Amino acid sequence: MRWIEIGNLNDIPRRGARCVSTPAGKVAVFRTGNDRIFAMEDHCPHKGGPLSQGIVHGAAVTCPLHNWVISLENGQAMGADEGSVQTIPVKCEGETLFISLDQLSGERAA
Amino acid sequence: MNGNGNNEMKEKLIIVGNGMAPGRMLEHLFEHAPDRYQVTIFNAEPRVNYDRIMLSPVLSGEKAFEEIVIHGDGWYIDHGITLYKGHKIVEIDREAKTVRSDHGVAESYDKLVIATGSVPFILPVPGNDMPGVLTYRDLDDVDAMILAAQSHAKAVVIGGGLLGLEAAAGLQLRGMDVTVLHLMPTLMERQLDPAAGYLLQRALEERGIKVKTKAETKAIIGKGKAEAVELADGSTIDADLVVMAAGIRPNAWLAKQAGLEMGRGIVVDHGMRTEDPDILAIGECAEVGGHTYGLVAPLYEMAKVAAAQLAGDTETAFVHSDTPTKLKVTGIDLFSIGDFADGDDREEIVLRDATAGVYKRLILKDNRIIGSVLYGETADGAWFNDLKKREVDVSEMRDTLIFGQAYQGSAPLDPMAAVAALPDDAEICGCNGVCKGKITGAIGSEGLKTLDHVRAHTKASASCGSCTGLVEQLIAATLGDAYKPNEIQPVCGCTELGHDEVRRLIKAKGLRTIPEVMQELEWKTSCGCAKCRPALNYYLVCDWPDEYADDYQSRFINERVHANIQKDGTYSVVPRMWGGVTNADQLRTIADVVDKYDIPTVKVTGGQRIDMLGIKKEDLPSVWGDLGKAGFVSGHAYAKGLRTVKTCVGTDWCRFGTQDSTGLGIRIEKFMWGSWTPAKVKMAVSGCPRNCAEATCKDVGVICTEAGFEIHFAGAAGLDIKGTEVLGHVETEDEAVEHIVALVQMYREQGHYLERIYKWVKRVGLDEVRQQIMEDHDKRIAFFDRFVFSQKFAQCDPWSERVSGKDKHEFKPMATLELEAAE
């Protein structure tokens with residue numbers, strides 16, 4: 001797996017998110033209240049809303065367009081809604097954040 | 001994901017058609033045999049599966065297409081289904097077991113399901129293929145009708161059956177002048193007897209829809225496009241749009257071409273199998289036991305049977321049952337079931353109430369109900385249907401039968417008891433075939449507590465929605481005291497407390513941060529949710545204006561970045577124009593900004609402002625920077641806060657003006673801008689009772705008179721429409737400002753988050769507000785002072801703060817990865 005550095009943990013506010021622009025589209029990187037980091041495509045399965053702009057609560061984010069709640073852990077829509085977002089591998093070494101786009105670019109290429 | 005992995009091991013299932021029947025069939029199939037098939041669907045329509053029976057509300061504008069989608073794209077992906085959108089199958093090769101689409105795609109199958117539905121019956125008259133002649137079958141038809149309706153011209157609907165009348169009502173609501181032509185003497189003659197058909201006709205005519213019965217269409221005439229319909233009696237009716245809704249026919253040509261046995265539709269046995277053991281047919285194209293079907297309940301029954309077949313269960317069989325008919329036209333209640341033709345061996349019971357517009361008729365044979373027609377009052381439909389289905393001998397209750405279930409037995413039953421008295425197998429939701437036992441069972445086993453829960457788990461009342469009342473009564477009857485639709489609603493799932501209690505406890509316990517509130521009030525989640533966090537943030541901002549540090553991560557995106565998010569993720573920007581007044585410099589600046597940032601849409605809003613739409617998030621700070629140089633500040637068009645004060649020109653220009661309404665509006669806006677409120681606050685000041693600023697539908701409005709200022713409040717012109725109430729009359733402009741500010745502060749302190757002023761007033765009472773603001777001088781001054789104190793911290797322009805670098809992380813990507821980096 002190839003890891004790409006994207007920045008520092010503290011670039012993202014707690015209970016917040018930032019975007020990373022990649023050739024395969026925008027990636028949303030989330031930081032929860034207890035400093036867990038998640039990444040996924042910045043694209044709600046419902047209407048493509050930018051999840052990075054949503055309110056982060058626990059390990060979930062609420063899409064700003066129509067309030068779908070997406071689990072940050074597995075990308076699945078929660079509650080009665082059905083759908084899923086492609087999650088993206090992310091790791092934190094010290095305070096430096098890395099993501100891997102292998103899966104993403106692989107799928108797009110296929 | 002089922003789609004990945006051992007696909008070679010799976011049998012190949014191909015479905016031709018992607019309507020409601022195959023959609024439901026797959027839901028059942030995935031439940032019973034999730035891994036047995038690799039599924040491929042060919043859909044001639046270029047879209048996913050949607051609720052076709054809800055097209056009428058889409059046509060009338062009561063629903064959007066998005067709301068009637070049954071399976072979104074995600075569902076197909078999750079189940080590993082290959083969906084060919086816009087592919088029509090043109091050939092089945094039964095020898096080779098392959099199908100071929102019009103785009104040349106060929107696939108082989110182990111099992112094939114034909115679900116090609118129906119096609120509208122096109123009258124064989126001259127001109128039937130002219131532009132302007134439509135059918136009513138799918139979303140494309142609806143879109144075409146909505147487009148045609150924009151001209152507000154004349155429409156003729158041919159066919160006074162279920163579909164035709166729903167189309168007529170929808171077009172009429174869209175503003176068209178509609179005439180319905182019906183061949184038979186009364187409307188919906190297959191479902192209604194002449195008396196009910198007459199009542200229906202009268203109800204439609206009262207709405208302004210013209211109805212012409214015994215009208216035989218001879219030709220559609222016009223030059224190059226439809227202009228009129230000519231009838232057999234020689235008369236013509238002008239028509240810019242002609243909708244053919246004269247019936248449907250099974251769409252069976254594909255099966256016919258494949259050499260399968262044909263009746264009216266594709267002949268199948270009670271297991272939905274055609275004569276070819278590997279081919280099934282379901283839906284409107286199928287003919288079983290000599291019947292074809294057009295209503296959703298039997299089609300869903302077919303779906304269930306076919307799913308069982310495909311899962312290896314050959315026992316489950318389709319059983320014919322009558323389906324009640326309901327017309328989905330808002331405000332017209334109509335129900336019919338069974339057989340209601342006259343006959344020597346039949347008796348009938350009829351109840352008419354001309355003033356109330358009620359007509360009920362029961363048809364009995366051997367003391368058993370065999371048919372029923374209800375018009376105007378249909379609550380007992382389910383009960384009559386149940387008596388019919390169970391073939392109950394009604395001789396004991398014959399005298400009171402027609403009055404309904406409430407009049408049976410010694411004491412009249414209330415509706416709740418009536419529901420409780422239904423047997424478990426009584427059908428509650430006709431569309432989805434959900435019986436009472438399934439709902440009560442799910443309530444028990446899943447611990448369901450609300451209507452939404454029941455809809456999500458059982459699908460009862462989730463399609464046409466006409467049984468919603470019945471489902472609610474059933475929930476109430478099942479849960480007893482545990483069901484409290486009117487009890488205090490908790491703020492959200494994170495707490496049991498309601499908004500009032502949370503607000504009271506924040507003050508009483510002196511809670512000053514969100515974590516403190518959650519800790520002290522025993523929140524059930526560690527960091528709340530998207531419902532409670534913005535509410536708590538507002539309550540704390542309101543209650544501790546000097547101490548509380550606003551938590552931007554608990555604000556909705558619009559308030560976090562001070563612009564309005566749009567459906568494509570771009571933003572719109574509305575600068576403040578005090579009182580709606582602008583000048584050449586401001587307009588020039590706006591024009592320059594629009595050019596510089598290539599802003600695609602500029603629009604004037606309802607609140608007398610200019611809205612620039614489609615701005616990229618990264619551009620926001622520099623857009624604001626450029627606007628700021630001309631003196632513009634944020635217009636707070638994104639805020640749960642003071643939005644706009646709309647004004648007319650008043651004594652400055654108007655020959656009728658009685659006061660300086662523009663000046664007062666600007667003064668109020670300059671005094672109150674920047675304040676956060678439970679929900680948005682829109683105001684207006686009109687310079688005379690002609691009310692050109694439309695102040696009487698605003699949250700707060702002022703009507704100027706010669707004698708002073710009449711203060712209005714609690715209006716609404718959105719989801720609800722409501723004229724304002726009069727708060728009171730004051731003589732001077734200073735007093736007007738003082739009263740308005742005090743009123744808004746009272747609302748700020750008492751309103752529930754997202755509760756508009758009119759809803760808050762409804763909750764606390766008009767007189768209470770009038771008493772505290774108009775009569776209690778000390779209270780009013782105290783409210784006023786608290787607002788003024790709060791404004792000290794609220795009135796800083798968020799745009800210039802961000803131009804200066806605040807929250808800059810919000811507007812830039814964290815990183816931008818180039819192509820090389822990802823390779």
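Observations, loosely collected:
- Spacing of the modelled spin labels on B:Lys12 and A:Asp102, each 7 Å from Cα toward Cβ, amounts to 3.3 nm.
- Expressed to the nearest 5 percent, the antiparallel share of DSSP beta bridges inside segment B:642-794 is 60 percent.
- log₁₀ of I(q)/I(0) at q = 0.10, 0.18, 0.20, 0.23 Å⁻¹ - segment A:4-103, Debye sum with one point per alpha carbon: -0.22, -0.74, -0.91, -1.20
- Diffusion constant of chain B at 20 °C, which comes from Stokes-Einstein with the Kirkwood Cα-pair radius and 1.002 mPa s, µm²/s: 68
- Distance between segment B:126-203 and segment B:581-649 - C-alpha centres, whole angstrom: 45
- Only helices enter this figure: runs of n ≥ 4 DSSP H residues, each worth -39500 (n - 2.57), summed and divided by the residues of chain B, yield -9000 deg cm²/dmol at 222 nm to the nearest 500.
- Value of relative contact order over chain B, rounded to a whole percent, pairs C-alpha under 8 Å and six or more apart: 6
- FRET efficiency for A:Trp3 and B:Asp345, using Cβ-Cβ distance with R0 set to 60 Å, rounded to 0.05: 0.10
- Solvent-accessible surface ranking, highest first, for B:Leu200, B:Leu162 at 1.4 angstrom: B:Leu162, B:Leu200
- Normalised contact order of segment B:534-692, rounded percent, pairs of Cα under 8 Å and 6 or more residues apart: 23
- Debye intensity ratio I(q)/I(0), log10, segment B:591-647, q values 0.24 Å⁻¹ (C-alpha model): -1.16
- All-pairs alpha carbon distance profile, the protein assembly as shown, 10 Å steps from 0, percent: 2, 10, 15, 19, 21, 18, 11, 4, 0, 0
- Ordered from highest to lowest accessible area with the whole protein assembly present and a 1.4 Å probe, B:Asp399, B:Asp35 read as B:Asp399, B:Asp35.
- Among the listed pairs B:Lys531/B:Lys567; A:Lys26/B:Lys531; B:Lys154/B:Lys680; B:Lys218/B:Lys388; B:Lys154/B:Lys326; B:Lys603/B:Lys670, those whose Cα-Cα separation exceeds 32 Å are B:Lys154/B:Lys680; B:Lys218/B:Lys388.
- Among the listed pairs B:Lys63/B:Lys449; B:Lys328/B:Lys360; B:Lys524/B:Lys812; B:Lys214/B:Lys360, those whose Cα-Cα separation exceeds 30 Å are B:Lys524/B:Lys812.
- Local electrostatic count at B:Val574 - Lys and Arg +1, Asp and Glu -1, tallied over other residues with Cβ under 11 Å: +3
- Segment B:668-823 - convex hull of the alpha-carbon atoms, volume per residue in Å³: 166
- Net charge, B:Gly607 excluded, C-beta distance under 11 Å - Lys, Arg +1, Asp, Glu -1: +4
- Of the Cα atoms belonging to segment B:299-403, the radius of gyration and Dmax stand at 16.9, 57 Å.
- B:Thr179, B:Thr292, reordered so the largest accessible area comes first (probe 1.4 Å): B:Thr292, B:Thr179
- P(r) histogram, all alpha-carbon pairs of segment B:122-246 included - 5 Å bins from 0, percent: 2, 12, 24, 25, 20, 12, 4, 1, 0
- Chain B against chain A buries an accessible area of about 2800 Å², both chains summed, 1.4 Å probe radius.
- Using the alpha-carbon positions of segment B:558-634, Rg (one decimal) and Dmax (whole number) come out as 11.5, 32 Å.
- Other residues lying with their Cβ under 10 Å from the Cβ of B:Pro46 contribute a combined charge of 0, Lys and Arg counting +1, Asp and Glu -1.
- Reduced Cα scattering model of segment B:499-555, Debye log10 I(q)/I(0), q = 0.12, 0.14, 0.18 Å⁻¹: -0.22, -0.30, -0.52
- Descending Cα extents along the principal axes, segment B:768-823, whole Å: 73, 25, 10
- Here B:Asp366 sits with roughly 110 square angstrom of accessible surface, probe radius 1.4 Å.
- Charged-residue dipole, Cβ positions (Lys, Arg, Asp, Glu), the protein assembly as shown about Cα centre, Debye nearest 20: 1540
- Summarising the label geometry, the points placed 7 Å from Cα in the beta-carbon direction at B:Arg264 and B:Arg94 lie 2.3 nm from one another.
- GNM top mover of A:Ile37, A:Ile55, A:Ile70 - chain A, alpha-carbon springs below 10 Å: A:Ile55
- Among beta bridges that DSSP assigns inside the protein assembly as shown, antiparallel share in %, nearest 5: 70
- Within segment B:91-186, the GluC sites (Glu not before Pro) that combine a DSSP coil assignment with at most 10 other C-beta atoms in a 10 angstrom radius are B:Glu95.
- DSSP finds beta bridges in chain B, and of those with both partners inside it, around 60 percent are antiparallel.
- The accessible area of B:Glu31, taken with all protein chains in place and a 1.4 Å probe, comes to roughly 140 Å².
- Spin-label proximity, B:Arg512 to segment B:520-550 - amide N less than 20 Å from point 7 Å beyond Cα toward beta carbon: B:520-522, B:536-550
The values are calculated or read from the model by the stated rules, or taken from the named source; none is laboratory data. Quantities reported herein were computed from a predicted structural model and do not represent experimental measurements. Don't worry about glycine lacking a Cβ; one is built from the backbone with ideal geometry, like all the others, and counts go over all protein chains shown. Calculation scope for accessible area: heavy atoms of the full protein, side chains included, ligands and nucleic acids excluded. Shrake-Rupley method; radii C 1.70, N 1.55, O 1.52, S 1.80 Å.
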